[in-house]
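Written out below as structure tokens is the structure these notes cover.
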Amino acid sequence: MTATAATKVPSDIAIAQAAKLRPIRDVAAELGLSDDELELYGKHKAKISLRALRQRTPKGRLVLVTGINPTPAGEGKSTVTVGVTQALRRLGKNAILAMREPSLGPVFGVKGGAAGGGYSQVVPMEDINLHFTGDFHAIASAHNLLSAMLDAHLHHGNALGMDTRRVIWPRTIDMNDRALRSIIVGLGGVTGGPMREERFLIIPGSEIMAILALATGIEDLEARLSRVIVGLRGDKTAVYASDLIRISCRRSRVGPRSCTAARSATSRTAAIRSWRHSSGSRSRTSC
């Protein structure tokens with residue numbers, strides 16, 4: 001019996017960089033999508049407008065891949081999902097893959113990238129894992145804007161009577177930074193605000209991420225964001241994001257129009273990438 005030498009499989013990044021990418025317009029056309037239903041991010045990435053959904057009668061079957069224990073080689077949910085989609089396409093089915101956007105925390109941790117692996121991965125892998133269409137940055141900006149408003153309110157007299165020991169709203173960063181999980185802020189003297197405990201979480205754990213995924217439009221997005229609870233008062237009643245904006249408008253003595261603009265500033269920041277057009281568009285699908 002002659003032993004057969006094991007075939008050496010290239011690394012994920014080598015396979016991704018060797019792949020010849022098709023223009024995303026061609027991929028979309030195969031699925032029956034027109035240029036008007038796309039929001040392009042270069043030649044190989046695009047968002048699908050919600051208009052594409054509204055103009056079609058839902059028809060098809062959903063295959064949901066849930067929790068899977070990965071193999072020692074790393075094949076888990078993502079790789080299996082991509083592989084199943086490739087198999088359906090090979091069988092001639094009109095299949096499309098929907099995955100969550102990767103977080104930089106796991107990407108730079110032990111888990112690694114989140115676009116599949118080997119010959120069952122989504123490309124351009126580097127773009128998807130590192131920045132994609134910029135939604136995470138928009139969500140982080142909106143989230144940390146509210147955090148800054150909260151600390152500014154505490155510094156300027158705390159008119160809402162918040163208990164600094166019961167601040168619920170954290171800060172966010174798209175990185176597994178152990179040192180930021182539990183910290184103390186407000187150490188800058190009289191101009192640094194009150195000293196209190198604070199914490200960071202990764203962007204997929206942000207409540208704004210959940211709201212963006214559930215919102216049905218700009219108005220619904222703004223309404224949900226205004227109902228975010230940022231902390232509790234001494235009597236344990238809730239303080240909402242809308243309360244902070246109301247107090248900020250009153251203190252700055254701005255007119256109704258400016259106050260309305262301020263009220264929706266956080267919403268616009270979170271929405272700028274994911275709801276560019278009046279009907280909106282989402283980047284939950286990577287082609």
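The values are calculated or read from the model by the stated rules, or taken from the named source; none is laboratory data. These figures come from a predicted structure and were not determined experimentally. Note that we place each Cβ from the backbone using ideal geometry, even for glycine, and neighbour counts take in every protein chain shown.
Going through Gly105, Gly109 one at a time, which residue ends up being over 30 Å from Asp243 (Cα atoms), out of contact with any strand residue (DSSP E or B) (no Cβ under 9 Å at 6 or more places or on another chain), assigned to a loop (DSSP other than H, G, I, E, B) and not assigned by TED's automatic domain parsing to the domain that holds Ala238?
Only one candidate qualifies: Gly109.
Regarding Ser49, is this residue under 23 Å from Asp135 (Cα atoms), of a type in the set (S, T, N, Q) and in contact (Cβ under 8 Å) with a residue 12 or more places away in the chain? It is true that Ser49 is under 23 Å from Asp135 (Cα atoms), of a type in the set (S, T, N, Q) and in contact (Cβ under 8 Å) with a residue 12 or more places away in the chain.
Out of Ala179, Ala152, Ala159, one residue alone is outside any helix (DSSP H, G or I) and over 20 Å from the mean Cα position of the chain (by Cα). It is Ala159.
In the condition set (1) among the hydrophobic types (A, V, I, L, M, F, W, C); (2) in a helix (DSSP H, G or I); (3) surrounded by fewer than 19 Cβ atoms within 10 Å (Cβ to Cβ); (4) touching a Lys or Arg at 6+ places or on another chain (Cβ under 9 Å), Val190 is compliant with all but (4). For the range 61-76, a tally of residues being small (Gly, Ala, Ser) and surrounded by fewer than 10 Cβ atoms within 10 Å (Cβ to Cβ) returns 1.
Of all positions in the range 202-214, none carries a residue that is farther than 18 Å from His156 by Cβ, in a strand (DSSP E or B) and under 22 Å from the mean Cα position of the chain (by Cα).
I'd like the residue in the range 38-74 that is assigned to a loop (DSSP other than H, G, I, E, B) and of a type in the set (Ser, Thr, Tyr) and, out of all such residues, is modelled with the highest pLDDT. This residue is Tyr41.
Scanning the range 98-126 for residues that are buried (at least 18 other Cβ atoms within 10 Å of the Cβ) and over 30 Å from Ser226 (Cα atoms) yields Val107, Gly113, Ala114, Ala115, Gly116, Gly117, Ser120, Gln121, Val122, Val123, Pro124, Met125.
Here's the yes/no breakdown for (1) farther than 23 Å from Ile183 by Cβ; (2) of a type in the set (A, V, I, L, M); (3) touching a Cys at 6+ places or on another chain (Cβ under 8 Å):
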residue: Gly116; (1), (2), (3): yes, no, no
residue: Gln121; (1), (2), (3): yes, no, no
residue: Leu130; (1), (2), (3): yes, yes, no
residue: His137; (1), (2), (3): no, no, no
residue: His153; (1), (2), (3): no, no, no
residue: Gly157; (1), (2), (3): yes, no, no
residue: Asp163; (1), (2), (3): no, no, no
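Residues in the range 7-26 that are free of Cβ contacts under 8 Å to residues at least 12 places away in the same chain and over 16 Å from His44 (Cβ atoms): Thr7, Lys8, Pro10, Ser11, Ala14. Of all residue pairs spaced 6 or more apart or on separate chains, those with beta-carbon atoms under 9 Å, a first member in the range 115-131 that is under 14 Å from Leu97 (Cβ atoms) and a second member that is in a loop (DSSP other than H, G, I, E, B) and basic (Lys, Arg) are Ile128/Lys45.
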